[in-house]
Amino acid sequence: MYSYIESDLSIFISIVFYVLVPSLGAYGTYFKKRSAILVSLIFFISQVYRNISTDNLIPNIRPITISFPFGDFSNGHGYLIDFFAIFMAIFLAWLLKEVIATNKLINKNLK
């Protein structure tokens, strides 16, 4: 966690991105809370395309990644497209659609 993290802001952002948001997402998917699933969906969409450099505010310390590199990594710069994040975003979008549809059906039956 502390490799290549030089500022307190980077530590704070890393804790939010890699601890709090995934915890909220796990809570939301278990209890089918739309707002938590939406936050997780936005998080995974933000993780699909990443610039890899030592100059970034947020270091690339993803715990799980299945990435395809492209660009020039010879100078320590390049880009990653993370297929794990893409698949998770697709799954969360599907889950969000199902939760919304279920809530509409329950509300329709209650009326």
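Every read-out reported here was derived from the displayed coordinates using simple, explicitly stated rules and does not represent laboratory data. Everything numeric here is computed off the predicted structure, so don't read it as measured data. Positions of Cβ are generated from backbone atoms using ideal geometry, with glycine treated the same way; all protein chains shown enter the neighbour counts.
Structure data summary
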item: Loop-located chymotrypsin sites (Phe, Trp or Tyr not before Pro) in segment 65-107, at most 15 other Cβ atoms within 10 Å (DSSP); result: 73
item: Residue-by-residue Karplus 3J(HN,Hα) for segment 23-39, coefficients 6.51, -1.76, 1.60, Hz, glycine and proline x; result: 5, 4, x, 5, 4, x, 6, 5, 9, 6, 8, 4, 5, 5, 5, 5, 4
item: Positive-end residue of 51, 26, 109, charge dipole of segment 8-110 with Cβ unit charges; result: 109
item: Normalised convex hull volume, segment 8-110, alpha-carbon set, Å³ per residue; result: 90
